[in-house]
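First the structure, in the form of structure tokens, and then the observations on it.
The values are calculated or read from the model by the stated rules, or taken from the named source; none is laboratory data. A quick note: this is a predicted structure, and the numbers were derived from the prediction, not measured. Glycine gets a Cβ as well: all are built from the backbone with ideal geometry, and neighbour counts include every protein chain shown. When the accessible area is computed, the model is the full protein with side chains, heavy atoms only, and any ligands, DNA or RNA have been set aside. Shrake-Rupley method; radii C 1.70, N 1.55, O 1.52, S 1.80 Å.
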Amino acid sequence: MNTNALSALYLPTQEACARTEFYSARLMTPQEVSAATHNHPAHEQVALDAVWALCGDLKESSFEVFQRHREVQIASRFSVFTSNFGDTYLVTTHQTEGHQHRFLLPLYDRLCREFVHALDEQPFCYSLGQGGQNLAMVIPGHPLGFYARDLRVFCKDSGQSSLAEHFERFAAAVLTVGGVAAIPSLLQDEHVTDVSVSFVLPEALHSPGQLNASFH
């Protein structure tokens, strides 16, 4: 997996996001994953022991394509960008055919920072649901080793702002990442046609009742 910077941000138009669906996501600690999977078969509990999980959703058409390719390696990339407001974000992207899924994590958020600091040693996984339905697939991740240290450099405070300003800044980042052209294709000779974005809300913008995404 590469760590790249998005070199150019743009104000996305309605047309740029026309093929994009947005979902709330949840970043689960190893303890939360263990509690959520305690009724799963024993082999799944072993596989998910001490694992962080990014839980989000794919649009239905993309989910079907990902399912067809789940037995082969799905292309992935880590990207980091700084918004026009100076906030830093991590984007993890998966792609098969022309379908991309993107997780957006604010690197100024406490829990996201803990996740990044664990990436050099701890495994993680992605739980992707089918548009909020019960069907889901799990994509394994692997410790990033020394590459994780590069990510830590981007874990910076966003500074003080009002709740309304904080929401506006985060919403702008979500829309930017939702632009079809925001992340180049990870596959040669494939154009990105469909995008799903799962965004992890900063703690300042949610209450526990708003954490709808969970490990499937």
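Ignoring everything but the protein chains, give the 1.4 Å probe accessible area of HIS142 in square angstrom, nearest 10.
The accessible area comes out at roughly 120 Å².
Starting from the residue with the highest accessible area, list PHE115, PHE146 in decreasing order, probe 1.4 Å. Write out the running numbers ahead of the final one.
Details: PHE115 5, PHE146 120 Å².
Sorted descending by solvent-accessible area, the residues read PHE146, PHE115.
So if I take the centroid of the Cα atoms in region 116-183 and the same for region 46-104, what is the distance between those two points in Å?
Cα centroid of region 116-183 versus Cα centroid of region 46-104: 9 Å apart.
For ASP109, ASP120, ASP150, ASP157, give the ranking by accessible area with the largest first, probe 1.4 Å.
So, going from the largest accessible area down, we get ASP157, ASP150, ASP120, ASP109.
How much length would be gained if the chain were fully extended between ARG152 and LEU187, taking 0.36 nm per residue of separation minus their Cα-Cα distance, in nm to one decimal?
Contour length minus the Cα-Cα distance gives 9.9 nm.
Would you pull out the residues with amide H under 5 Å of LEU90's amide H, same chain only if 5 or more places away, H placed 1.01 Å from N?
Here LEU105, LEU107 satisfy the definition.
With a Förster radius of 41 Å, plug the Cβ-Cβ distance of ARG70 and GLU168 into 1/(1 + (r/R0)^6) and report the FRET value to the nearest 0.05. Each step should come with its number before you reach the end.
Working: r = 37 Å, r/R0 = 0.91.
Rounded to the nearest 0.05, the efficiency is 0.65.
For region 22-34, what does the Karplus curve 6.51 cos²θ - 1.76 cosθ + 1.60, with θ = phi - 60°, yield as ³J(HN,Hα) per residue in whole Hz, taken in order and with x for Gly and Pro?
Calculated HN-Hα couplings, in order: 10, 9, 6, 10, 9, 9, 9, 6, x, 5, 5, 5, 4 Hz.
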